[in-house]
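The values are calculated or read from the model by the stated rules, or taken from the named source; none is laboratory data. All of these numbers come straight from a predicted model, not from anything done at the bench. No Cβ is skipped: glycine too gets one built from the backbone with ideal geometry, and neighbour counts run over all protein chains shown. Accessible surface areas use protein heavy atoms only, side chains included; no ligands, DNA or RNA. Shrake-Rupley method; radii C 1.70, N 1.55, O 1.52, S 1.80 Å.
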Amino acid sequence: MLHVIDHPVIKHKLTIMRNSETGTKDFRQNLDEISGLMTYEITKDFPLVDVEIDTPMGKTIGSRLDKDIVLVPILRAGLGMVYGIQQLVPTAKVGHVGLYRDEETLEPHFYYAKFPSNIANSMVLVVDPMLATGGSAAAAISRVKQTGATDIRLVCLVGVQEGIDVVEKAHPDVHIYLASKDERLNEHGYIVPGLGDAGDRIFGTK
Ligand code: PRP
Ligand code: URA
């Protein structure tokens, strides 16, 4: 269940992020902005419940989101998407899954997890800018499922077919949202054209 969000403003901002001359500040700012724009699309089918309210003109039936929203960034790079999404859903709670990818084997290594207490009944957005081999995303979703959560969506900026296949095979119930489906992985497991090392570009660690 792949959704590639095709939008000219997202394409424009993603091009700024891809540019190797873009520094940490602008990389982070465009990541914030794209994350917010994607949220508008990702949440468009979120279920609502009716609520009766008093307006200055009398009673009316309005709507509120039926479920709480929990964001689960995959550390570190996923943190770069939290602020932009919270601009649209400021009440979203945040869990964390810590994983790093072994540079040789490309296997994900788990080091941390912490979740809000209401996660099992919430709409969960697992977020990470990069969907490369798919190992990290599939492992993070498995860890989230251990909490009892069932409504889970994966939100990445760029991904490749290989990663999509891995997540779809492990988690056929999870919708995957991308701003771009890129060409391929290189011999080091990096996405081409991709963004480079997203964590390093967000946090200025290289
Ligand atoms: C990057 C990225 C994803 C993962 C994607 O994180 O943010 O989590 O690699 O690769 P995969 O699809 O092949 O698993 P990394 O492990 O470099 O950690 P970092 O975010 O701490 O830099
Ligand atoms: N992780 C990144 O940060 N970039 C890639 O292209 C692949 C994995």
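If you roll a 1.4 Å probe over the heavy atoms of the protein chains, what accessible area per residue do you get for the chain, in Å²?
On the way: 10660 Å² over 206 residues.
For the chain, the solvent-accessible area averages 52 Å² per residue.
For region 59-178, what does the equivalent ellipsoid look like in terms of its semi-axes, each the square root of 5 times an eigenvalue of the Cα gyration tensor, given largest first in whole Å?
Details: eigenvalues 133, 41, 38 Å².
Three semi-axes, in Å: 26, 14, 14.
Which entries of LYS13/LYS206; LYS44/LYS206; LYS93/LYS169 have Cα-Cα distances beyond 30 Å here?
Working: LYS13/LYS206 22 Å; LYS44/LYS206 37 Å; LYS93/LYS169 28 Å.
Where the Cα-Cα span goes over 30 Å, the pairs concerned are LYS44/LYS206.
Helix 161-170 sits at what angle to the longest principal axis of the chain, using alpha carbons and giving 0 to 90 degrees rounded to 10?
Tilt relative to the chain: about 60 degrees.
Which cross-chain or sequence-distant (5 or more) residues have an amide H under 5 Å from the amide H of VAL124, H modelled 1.01 Å from N in plane?
Amide H neighbours of VAL124, under 5 Å, 5+ apart: VAL70, ASP151, ILE152, ARG153.
Of the accessible area of the chain, with the probe set at 1.4 angstrom, what percent is carbon plus sulfur?
Values: 5510 of 10660 Å².
In the chain, the share of accessible area belonging to carbon and sulfur is 52 percent.
Expressed as a rounded percentage, what relative contact order does the chain have, with Cα pairs under 8 Å and six or more residues apart?
Values: 400 pairs, mean separation 45.9, N = 206.
Reported as a whole number, the value is 22 percent.
What list of ³J(HN,Hα) couplings, whole Hz, do you get for region 178-188 from phi and the Karplus terms 6.51, -1.76, 1.60, once you set θ to phi - 60° and write x for glycine and proline?
10, 8, 7, 9, 8, 5, 6, 9, 8, 5, 9
Quick check on the chain: helices-only [θ] at 222 nm, where DSSP H runs of length 4 and up contribute -39,500 (n - 2.57) each and the sum goes over total residues. Nearest 500, please. Walk me through the numbers on the way to the answer.
Working: 6 runs with 64 residues, N = 206.
Helix contribution divided over all residues of the chain: -9500 deg cm²/dmol.
Output the relative contact order of region 1-71, whole-number percent, from Cα pairs under 8 angstrom with separation of 6+ residues. Could you put the intermediate results ahead of the total?
Details: 45 pairs, mean separation 14.7, N = 71.
Relative contact order for region 1-71 comes out at 21 percent.
Any idea which of PHE110, HIS175, GLY204 is furthest toward the positive side of the dipole for the chain, if Lys and Arg beta-carbons carry +1 and Asp and Glu beta-carbons -1?
My answer, from the dipole projection, is GLY204.
If contacts are Cα pairs under 8 angstrom and at least 6 residues apart, what is the relative contact order of region 112-206 in percent? The partial results should precede the final answer.
Values: 149 pairs, mean separation 25.5, N = 95.
27 percent.
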